[in-house]
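So that we are looking at the same thing, I have put the structure below in structure tokens.
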Amino acid sequence: MTAPVPLIAGNWKMNGLRASLVEAAAIAEGAAGSPARVAICPPAVLIHQMSEMLAGSGVLVGGQDVHWEDAGAFTGDVSAQMLADVGAKLVILGHSERRSGHRETDEIVARKVAAALRAGLEPIVCVGETLEERNAGQASPVVTDQVRGSLPAALTGQPFSVAYEPVWAIGSGLTPSTAEIEEMHQAIRATLAERFGPAAQAVPILYGGSVKPSNAAEILHAAQVGGALVGGASLKAADFLAIVRALQA
Ligand code: PEP
């Protein structure tokens, strides 16, 4: 089975105003011709304008969360259908900032993944261990349990990716060694194979956590790494593009 097309996605988190759309335009210009699929996941209120601006550029626009229901009395929440309606093609789900700050369990994440699929959005499902869990030798069981619990059966045959994001590496400047990344990605791949069989080989497994221009090439070329989920370094076009180009370094 052929290796998946790498995906490099920027997670803007709660950063960016309409003035930041110039960065997205610069990313689209600089990413033209990249062998990777490139995506930007801005705050929900920027998705409409950004997706119209980037239409035809090849750069995809995604959301950062959805509710698990399609519509209803959920004040302040946004549904997957709403994101798709304004041009989103992908959505980040189960990010550790949602798991910890909003008490999202694997079961909730799985319901959100199912909602994203109903709306035609491609989910990027995040998993990752805390430093305490890693130090206790539990990184692999914690992460593989998250993979089992966060991926609903409805994903069979659908495009999606998994992002391995060690919680302690996010926004900290710390990264696991290449060997540690490869070990975790291999464990995730094996867990995907339990559920999806040979089709698991086609699922991109992204690495996320303090990816920057200086470490991107090594990370992106590690075994089983199918791209990157990039937080802070995706806010500036020059840094994000340097990461996209590192794929070809
Ligand atoms: C993230 O939050 O998904 C992330 C990877 O952040 P950073 O790159 O800033 O560590």
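So what J values fall out for segment 51-61 if you push phi through Karplus, 6.51 cos²θ - 1.76 cosθ + 1.60 with θ = phi - 60°, rounded to Hz, Gly and Pro as x?
5, 5, 5, 9, 4, x, 7, x, 7, 8, 10
With +1 on the Cβ of every Lys and Arg and -1 on the Cβ of every Asp and Glu, and nothing else charged, how large is the dipole of segment 131-249 about its Cα centre, in debye rounded to the nearest 20? Could you put the intermediate results ahead of the total?
Values: 7 positive and 10 negative charges, 69 e Å.
So the dipole magnitude of segment 131-249 works out to roughly 340 debye.
Please work out the Kirkwood hydrodynamic radius for segment 132-215, using every pair of different C-alpha atoms, and report it in angstroms with one decimal place.
Working: mean 1/r = 0.0737 Å⁻¹.
13.6 Å is the Kirkwood radius here.
Which residue, GLU122, GLU165, GLU183, tops the fluctuation ranking in a GNM of the chain built on C-alpha contacts under 10 Å?
It is GLU183.
Given the options ILE40, ALA216, ALA114, identify the residue whose Cα lies farthest towards the positive end of the charge dipole of the chain (+1 on Cβ of Lys, Arg; -1 on Cβ of Asp, Glu).
ILE40
Along the charge dipole of the chain, which of VAL59, PRO159, ALA199 sits closest to the positive end, that is, farthest toward it, with unit charges on the beta carbon of Lys, Arg, Asp and Glu (+1, +1, -1, -1)?
VAL59
I've got another one for you. Build a GNM of the chain with springs between Cα atoms under 10 Å: which of GLY87, GLY76, GLY231 gets the top mean-square fluctuation?
GLY76
For the chain, which whole percent of the accessible surface, found with a 1.4 angstrom probe, sits on carbon and sulfur atoms?
Details: 5900 of 10840 Å².
Of all accessible area on the chain, carbon and sulfur atoms account for 54 percent.
Right, next: For a quick check: with amide H placed at 1.01 Å from N, whose amide H comes under 5 Å from GLU165's, ignoring anything fewer than 5 positions away on the same chain?
VAL127, GLY128, GLY208
Which translational diffusion coefficient, to the nearest whole µm²/s, is obtained for segment 39-139 from the Stokes-Einstein equation, given a Kirkwood hydrodynamic radius over C-alpha pairs, 25 °C and 0.890 mPa s?
Details: Rh = 14.2 Å.
My calculation gives 173 µm²/s for D.
Once amide H atoms are placed 1.01 Å from N in the peptide plane, what residues at a sequence separation of 5 or more from GLY231, or on another chain, have their amide H within under 5 Å of its amide H?
Excluding prolines and chain starts, which carry no amide H, the hits are ASN11, GLY209, SER210, VAL211.
Under 23 Å between alpha carbons, and skipping anything fewer than 8 positions from LYS236 in its own chain: which lysines qualify?
Counting by Cα, and skipping residues close in sequence, LYS236 has these lysines nearby: LYS13, LYS89, LYS212.
At 0.36 nm per residue, minus the direct Cα-Cα distance, what do GLU52 and GLU182 gain on full extension? Give it in nm, one decimal, please. Let's see the in-between values first.
Numbers: separation 130, 0.36 × 130 = 46.80 nm, distance 3.72 nm.
Extra length from GLU52 to GLU182 when fully extended: 43.1 nm.
Another question, then. Heavy-atom accessible area per residue, the chain, 1.4 Å probe: how many Å²? Before the final figure, lay out each step's value.
Details: 10840 Å² over 249 residues.
It amounts to 44 Å² per residue over the chain.
Roughly what would the spin-label model give for ASP77 and ALA44, points 7 Å off Cα along C-beta, in nm?
1.0 nm
Based on the alpha-carbon gyration tensor of segment 1-91 and its eigenvalue square roots a ≥ b ≥ c, which shape applies: rounded if a/c is under 1.5, prolate if not and a/b is larger than b/c, or oblate? Numbers along the way, then the final one.
Numbers: a/c = 2.29, a/b = 1.41, b/c = 1.63.
It is oblate, given that a/c is not under 1.5 and a/b is not larger than b/c.
Taking amide H positions as placed in the peptide plane 1.01 Å from N, state which residues far from HIS67 in sequence (5 or more) or on other chains have amide H under 5 Å from it.
Long-range HN contacts for HIS67: VAL78, SER79, ALA80.
Quick check: Cα centre of segment 195-223 to Cα centre of segment 14-35, how many Å?
22 Å
Restricting to DSSP H runs of at least four residues, report the calculated mean residue ellipticity at 222 nm for the chain, -39500 (n - 2.57) per run over all residues, nearest 500 deg cm²/dmol.
Numbers: 10 runs with 98 residues, N = 249.
Computed mean residue ellipticity for the chain: -11500 deg cm²/dmol.
Within the set of other residues whose C-beta is less than 12 Å from the C-beta of GLY232, count the net charge using Lys and Arg as +1 and Asp and Glu as -1. Display every interim value, and only then the final one.
Details: positive: LYS13, LYS212, LYS236; negative: ASP239.
Taking every Cβ under 12 Å from that of GLY232, the sum is +2.
From the C-alpha gyration tensor of segment 180-224, pull out the three semi-axes of the equivalent ellipsoid (sqrt of 5λ each), sorted largest to smallest, in whole Å.
Taking √(5λ) for each eigenvalue gives 23, 9, 8 Å, largest first.
In debye to the nearest 20, how big a dipole does segment 1-118 give about its Cα centre with +1 on each Lys and Arg Cβ and -1 on each Asp and Glu Cβ?
Working: 10 positive and 12 negative charges, 34 e Å.
So the dipole magnitude of segment 1-118 works out to roughly 160 debye.
Might you report the magnitude of the Cβ-based charge dipole of the chain about its Cα centre, with Lys and Arg at +1 and Asp and Glu at -1, to the nearest 20 debye?
Values: 17 positive and 24 negative charges, 69 e Å.
For the chain, the charge dipole is close to 340 debye.
Highest mean first, how do 113-121, 100-108 rank when packing is the count of other Cβ atoms within 10 Å averaged over residues?
Numbers: 113-121: 20.6, 100-108: 13.4.
The peptides rank, most packed first, as 113-121, 100-108.
Here's a follow-up. Each residue of segment 232-245 in order: what ³J(HN,Hα) in whole Hz does its phi give by Karplus 6.51 cos²θ - 1.76 cosθ + 1.60, θ = phi - 60°, with x for Gly and Pro?
Once θ is set to phi - 60°, the couplings for segment 232-245 become x, 6, 8, 7, 10, 4, 4, 5, 5, 5, 5, 5, 4, 6 Hz.
Moving to a separate point now. Taking the chain on its own, what percent of its Cα-Cα pair distances exceed 27 Å? Working shown, then result.
Working: 8987 of 30876 pairs.
Of the Cα pairs, 29 percent sit more than 27 Å apart.
Still on this model: Considering only C-alpha atoms, what is the centroid distance from segment 94-111 to segment 42-82, in Å?
18 Å
Testing the spin-label approximation: label points 7 Å from Cα along Cα→Cβ at GLN201 and ALA26. State their distance in nm.
Placing both labels 7 Å beyond Cα along the Cβ direction yields 4.1 nm.
Still on this structure: Using θ = phi - 60° and the Karplus curve 6.51 cos²θ - 1.76 cosθ + 1.60, what whole-Hz ³J(HN,Hα) does each residue of segment 183-195 get, with Gly and Pro shown as x?
Values, residue by residue: 4, 5, 5, 5, 5, 5, 4, 5, 5, 5, 5, 4, 8 Hz.
The values are calculated or read from the model by the stated rules, or taken from the named source; none is laboratory data. None of these values were measured; they are calculated from a predicted model. A quick note on method: Cβ atoms are made from the backbone with ideal geometry, for glycine too, and the neighbour counts reach across all protein chains shown. For the accessible areas, the whole protein counts, side chains as well, though only heavy atoms, and no ligand, DNA or RNA atoms are used. Shrake-Rupley method; radii C 1.70, N 1.55, O 1.52, S 1.80 Å.
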